[in-house]
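S.K.: Quick one: this structure, given as structure tokens, is what I'll be asking you about.
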Amino acid sequence: MSASSLKKLTHRAVTAALAIGAVVLLEGFAGALSGNGDLEARTRRADGQGIVSTAQKYLGTPYRYGGNSPAGFDCSGFTSYVYKKSGYRLPRATTGQYGKLNPVRAPKVGDLVFFRTSGKRISHVGIYVGDYQFIHAPSSGKTVSYADIRNSYWKPRYAGSRTIFRKAER
């Protein structure tokens, strides 16, 4: 049964349509039908590639200061939204994300990359997609897009990478 078909059914019809123990997978959600007919929710967490796939869905979304929805994102609103859709909770602010996640020497797919665009403080974040590329919500008048860490703007401002997938690397 497709997810769209399942969404159209009432709770009673869903119970009748699924066998006990059947697994239901929807974007960012997993559940199983228990013996009493209740759908038991389990959060399914994405890996790094899953985070990137989610992020790519929002390419072209306009930048909006303070934005944290598909109506418009700022940089940390974008990363916290994508991670939330992928089953993780991140602090809303760039500095909170930088402080909470584990530092790594080199980013892997799905890790966060941080920049100092306003003096010495951490002020920008994006999602690493591999091959020196990251997806981010850049600035006013622009849209969620790819950028290269090595370009003349980002390279000198690069502050490091953080991950939720592995332990800190010193």
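S.K.: Restricting the search to the range 62-97, which residues are under 20 Å from S118 (Cβ atoms) and buried (at least 21 other Cβ atoms within 10 Å of the Cβ)? First the steps, then the outcome.
M.R.: Taking the range 62-97 first, the residues under 20 Å from S118 (Cβ atoms) are 63-68, 73-80, 91-97.
Matches in the range 62-97: Y63, F73, D74, C75, S76, G77, F78, T79, S80, T94, Q97.
S.K.: In the list D131, D111, which residue meets the criterion of being closer than 18 Å to Q49 by Cα, open to solvent by 10 Å² or more (accessible area, probe 1.4 Å) and modelled with pLDDT of 95 or more?
M.R.: D131
S.K.: Would you check if R150 is modelled with pLDDT of 95 or more and part of a loop (DSSP other than H, G, I, E, B)?
M.R.: So R150 passes the test.
S.K.: Quick check, is R166 of a type in the set (D, E, K, R), over 14 Å from V52 (Cα atoms) and either modelled with pLDDT of 95 or more or surrounded by 12 or more Cβ atoms within 10 Å (Cβ to Cβ) (or both)? Before the answer, list the steps.
M.R.: Values: of a type in the set (D, E, K, R): yes; over 14 Å from V52 (Cα atoms): yes; either modelled with pLDDT of 95 or more or surrounded by 12 or more Cβ atoms within 10 Å (Cβ to Cβ) (or both): no.
Answer is no for this residue.
S.K.: Right, something else. Give the residues of the range 134-148 that are touching a Pro at 6+ places or on another chain (Cβ under 9 Å), open to solvent by less than 40 Å² (accessible area, probe 1.4 Å), in contact (Cβ under 8 Å) with a residue 40 or more places away in the chain and not polar (S, T, N, Q), sorted by residue number.
M.R.: Residues satisfying the conditions are A137, V144.
The values are calculated or read from the model by the stated rules, or taken from the named source; none is laboratory data. In this text, all values refer to a predicted model and were calculated from it rather than measured experimentally. In this analysis, Cβ positions are derived from the backbone assuming ideal geometry, glycine residues included, and neighbour counts consider all displayed protein chains. For accessibility, only protein heavy atoms count, side chains too; no ligands or nucleic acids. Shrake-Rupley method; radii C 1.70, N 1.55, O 1.52, S 1.80 Å.
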